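Notes follow the structure.
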Amino acid sequence: MTELAGLDPTSLAARIAALDEQGALDAIQARIATGEDPLAIIEECQLGMRWVGEHYQSGKYFISGLIMAGEIFREAMAELGPLLPETTADASQGTVLMCTVKGDIHDLGKNIVIMMLRSYGIVVHDLGVDVSPEEVAHKVVELQPDVVGLSGLLTVATDGMKATVAAVRGGEAQIGRHLPVVIGGGIVDEQTCGWTGADLWADDASSGVQLIRETIAATRG
């Protein structure tokens, strides 16, 4: 587990990890005032969120802590989102189909990934939350994206991911090529990726965005 001991308690990541709502927002506003890259600030916010997740897994925090951290992160994104580059989405930069899978309605991580991908000019088709495998398969054939991204936070979402990956594989037969599937969320790891049949996995938004961008580049050769 990542320890906060020795970390500057005034840092943004530490304030989020400590569930210091006002302190985190003050730190964000101070860094915005200096003209810092909003993507860099978002990445540090995610570092703090990972610590919150680790504290939850170790029993230091309970579900109320996760809810509080999520609210802090939403407020952070309300500050930072409008500052991201307004790049016009262009299919030549790649297309991605994304959703939160059947059985899960959490969308914070998914929405952050979508916002960041669009800031790079990538076209993202967002199907929303609690999306059935059948709907994803239908849209795969209709839209023929470069990458499919599946998100989930609840443990039950792994079942939805597995069923959805299978549905995507069925759609591949109609479009005549392999569709890389990236799964994301705090519940996923290498074992989950193998079990669901996905190609790649990420447990935070920044690494998910990087994986998707690299996959698009590789797909387009």
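The values are calculated or read from the model by the stated rules, or taken from the named source; none is laboratory data. Worth saying up front: this structure is predicted, and the values here are computed from it rather than measured. All Cβ positions, even for glycine, are placed from backbone atoms using ideal geometry, and neighbour counts span all protein chains on display. Each accessible area value is taken on the protein alone, full model and side chains, heavy atoms only, with ligands, DNA and RNA left out. Shrake-Rupley method; radii C 1.70, N 1.55, O 1.52, S 1.80 Å.
Have a look at Gly103, Gly176, Gly194 and tell me which one the Gaussian network model of the chain (Cα, springs below 10 Å) gives the largest fluctuation.
Gly176
Return the whole-Å distance between the Cα centroid of the range 39-96 and the Cα centroid of the range 145-192.
Between the Cα centre of the range 39-96 and that of the range 145-192, the gap is 21 Å.
Rounded to a whole number, what % of the accessible area of the range 147-211 do carbon and sulfur atoms account for, probe 1.4 Å?
Of the solvent-accessible surface of the range 147-211, carbon and sulfur hold 56 percent.
Taking trypsin sites (Lys or Arg not before Pro) as exposed when DSSP calls them loop (any state but H, G, I, E, B) and at most 13 other Cβ atoms lie within 10 Å, what is the longest stretch of the chain free of them, the sites themselves excluded?
It works out to 61-176.
Exposed loop sites here are GluC sites (Glu not before Pro) in DSSP loop states with at most 11 other C-beta atoms within 10 Å. What is the longest stretch of the chain lacking them?
In short, 87-221.
Working from Cα positions, state the angle (0 to 90°, nearest 10) between the long axis of helix 108-119 and the longest principal axis of the chain.
It works out to around 80 degrees.
How big is the range 124-196 by Rg and Dmax over its Cα atoms, in Å?
Calculated on Cα positions, Rg and Dmax stand at 11.6, 33 Å.
For labels at Ser64 and Ala173 in the simple 7 Å Cα→Cβ model, what's the distance in nm?
Calculated label separation equals 5.2 nm.
At R0 = 35 Å, how high is the FRET efficiency between Trp195 and Ala91 if r is their beta carbon distance? Nearest 0.05 is fine.
0.60
Helix 38-58 versus the longest principal axis of the chain: what is the Cα-based angle in degrees, 0 to 90, to the nearest 10?
It works out to around 90 degrees.
For the range 80-123, just run the numbers: alpha carbon Rg, then divide by 2.2 N^0.38 Å, N being how many residues it has.
1.26
Across every pair of different alpha-carbon atoms, what Kirkwood hydrodynamic radius in Å does the chain reach?
Across the chain, the inverse of the average 1/r is 18.0 Å.
Compute the accessible area per residue over the range 33-144, keeping the other protein chains in place, probe 1.4 Å, unit Å².
Averaged over the residues of the range 33-144, the accessible area is 48 Å².
Would you kindly find the accessible area of Ile63, with a 1.4 Å probe and non-protein molecules such as ligands, DNA and RNA excluded, rounding to the nearest 10 Å²?
About 100 Å², ignoring ligands and nucleic acids.
Could you compute the net charge surrounding Gln174? Neighbours are other residues with a C-beta less than 13 Å from the C-beta of Gln174; K and R count +1, D and E count -1.
+1
In nm, to one decimal, how far is the Thr34 label point from the Ile105 one, both placed 7 Å along Cα→Cβ?
Going from the Thr34 label point to the Ile105 one covers 4.0 nm.
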